[in-house]
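Working notes for the structure below.
Any read-out appearing in this document is the output of simple, stated calculations on the displayed coordinates, not a laboratory observation. Since the model is a prediction, treat every value here as computed from it, not as a measurement. Glycine also receives a Cβ, built like all others from the backbone with ideal geometry; neighbour counts cover every protein chain displayed.
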Amino acid sequence: MSNLKSTIEVLANEFALSIVSALRSASIDELTGGFGAGPRAARPGRPAIAEVGGRKRGRGGRLGRRSAADIDQMIESIVSVLQQNPEGLRAEQIREALSCQAKELPRPLADALSSGRISKTGQKRATTYFAGGTGEAGAAPAGAKRKGGRGRRKRA
């Protein structure tokens, strides 16, 4: 057993010496750039950063941060699509018309609603968006709260 132990120690020392000599003969660029991996290589267990539609998308498919100009451009696109469809469109239809991902719409839609560029009627999947500050006849203005709601009715 002691013979096996001494053989393993000799081999380990030789291996360590060969690694040290390889490191000494390597250039600084080789040492700082990793071992054949590119500068944007993924760490083990993590997906690489992919670029989708000009924006970087990392872990979980999350989109990269958009600038205010990007969001303003998206709002302009939404308004122009809605102006071409005076009967209004649902978010899914807007997304198809603009060929964008569903993740890209909530922020520009909310900003356009708050600025009065568009209006909406309905709730959840039945929400229909319109160009301008008013939707269909009798529609509540954007941001208006509905009276009543869940809860007990007051008796007269």
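Descriptive notes on the structure:
- Here's the list of aspartates and glutamates a cross-link from Lys5 could span, going by alpha-carbon distance under 20 Å and ignoring same-chain residues fewer than 8 apart: Glu14.
- Each of Ile71, Ile28, Ile8 has some number of other Cβ atoms within 10 Å of its Cβ, and from fewest to most they run Ile28, Ile8, Ile71.
- Proximal aspartates and glutamates to Lys124, defined as alpha-carbon separation beneath 20 angstrom and excluding residues fewer than eight positions away on the same chain: Glu87, Glu92, Glu96, Glu104, Asp111, Glu136
- Using equal-weight Cα scatterers in the Debye expression, the normalised intensity of region 68-131 in log10 at q = 0.20, 0.29 Å⁻¹ is -0.69, -1.57.
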